[in-house]
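The values are calculated or read from the model by the stated rules, or taken from the named source; none is laboratory data. All figures in this text were calculated on a predicted structure; none of them were measured in a lab. Here the Cβ is made from the backbone with ideal geometry for all residues, glycine too, and neighbour counts use every protein chain on show. The area values use the complete protein model at the heavy-atom level, side chains included, leaving out ligands, DNA and RNA. Shrake-Rupley method; radii C 1.70, N 1.55, O 1.52, S 1.80 Å.
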Amino acid sequence: MSGVKRKTLKPSEGAAALVTGAGSGIGRSFAYEIVRRGGSVICADIDRQRAEQTASILSELGEGRAVAYRCDVGSEKQMATLADKAESLLGRPMTLVVNNAGVGVGGRIGDVPLGDWRWCLKVNLWGVIHGCHFFAPKLRALGYGGIVNVASAAGFGAAPEMSAYNVTKSAVLSLSETLAAELTGTGVHVSALCPTVVPTNILGKARLPEHRGDFAHAAMRKWTFATSDQVARRTLDALDRKQLYVVPQFDGRFMWRFKRYAPRLYARALGEAYRLAGG
């Protein structure tokens, strides 16, 4: 594909992509949507079986190419190896990276074990740092493509008893903003996805206080305003529009505007709601 023709395409169309955490949830939906748009994808996940399930499902579509790859995104060595192998796995240079892999941790500051903090930071933050560190230079050199970093509305929402998770997602948002500035004019675009509740399996391995587990599962069942497929589709559309912030659900957009326009009132309302709820 010539440089001129390549630059006329949208980043999500016909991409050679890497999706981390592709074994389920939003990651699997991203992989599906990329293949549906004529692309090929490396389905990376720490769970090899889940990665293979995703790749198998996508291969049955008869469009593009899907390759399963086991990888711990928190491991610098494993991500460096993946970056070296990626082009050969798909047979062409990478043009799209979706840093999606993530884990959930809950609890009050002071109660959350430091080991849980380290686990959350390793996956949610270092996983994205590794993805950007190893792949952004490749895309910059190519002069084309996109990076989607999956943050969360938790990154600006600051909900109580979600300190570790909030910190990692806020950092991912800041990383994305910085990377977008650094890549301005290079032909590589960055989008930071900030969803609220999306029905996925993140709670399956989440580390939550016992008294909050039932609440989290209930929220996952009742308070979802978009499916993972819808979120993936809207995010890739936003990337094609060169949109940095992607807040795909109306409750997230309400929180975003409330905090930005009235930060003191937002913080007070959040604290009072937590107190009244017995926090």
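Within segment 1-114, which helices (runs of 4 or more DSSP H) (wholly inside it) include 1 or more residues that are at pLDDT 95 or above and either at positive phi or open to solvent by less than 70 Å² (accessible area, probe 1.4 Å) (or both)? Show your work before the answer.
Numbers: elements: 3-8, 25-36, 48-59, 76-90.
By residue number, 25-36, 48-59, 76-90.
Residue check: R268 meets all listed conditions (1) open to solvent by less than 90 Å² (accessible area, probe 1.4 Å); (2) more than 16 Å from S191 (Cβ to Cβ); (3) not aliphatic (A, V, I, L, M) but one, namely (1).
Among the residues of this structure, K259 does not count as one that is on the phi > 0 side of the Ramachandran plot and in contact (Cβ under 8 Å) with a residue 24 or more places away in the chain. Being at pLDDT 95 or above and surrounded by fewer than 24 Cβ atoms within 10 Å (Cβ to Cβ) holds for only one residue in V167, V150, V128, and it is V167. The one condition from (1) within 13 Å of L193 (Cβ to Cβ); (2) out of contact with any helix residue (DSSP H, G or I) (no Cβ under 6 Å at 6 or more places or on another chain); (3) of a type outside the set (S, T, Y); (4) not in a strand (DSSP E or B) that A159 does not meet is (1). Tell me, yes or no, whether segment 147-156 has at least one residue that is polar (S, T, N, Q), in contact with a Leu (Cβ under 9 Å, 6 or more places away or on another chain) and in a strand (DSSP E or B). Yes: segment 147-156 contains one or more residues that are polar (S, T, N, Q), in contact with a Leu (Cβ under 9 Å, 6 or more places away or on another chain) and in a strand (DSSP E or B).
Among residues of segment 186-197 that are surrounded by fewer than 24 Cβ atoms within 10 Å (Cβ to Cβ), those with a Cβ under 7 angstrom from a residue that is assigned to a loop (DSSP other than H, G, I, E, B) and aromatic (F, W, Y), sequence gap 6+ or separate chain, pair up as G187/Y144; V197/W223.
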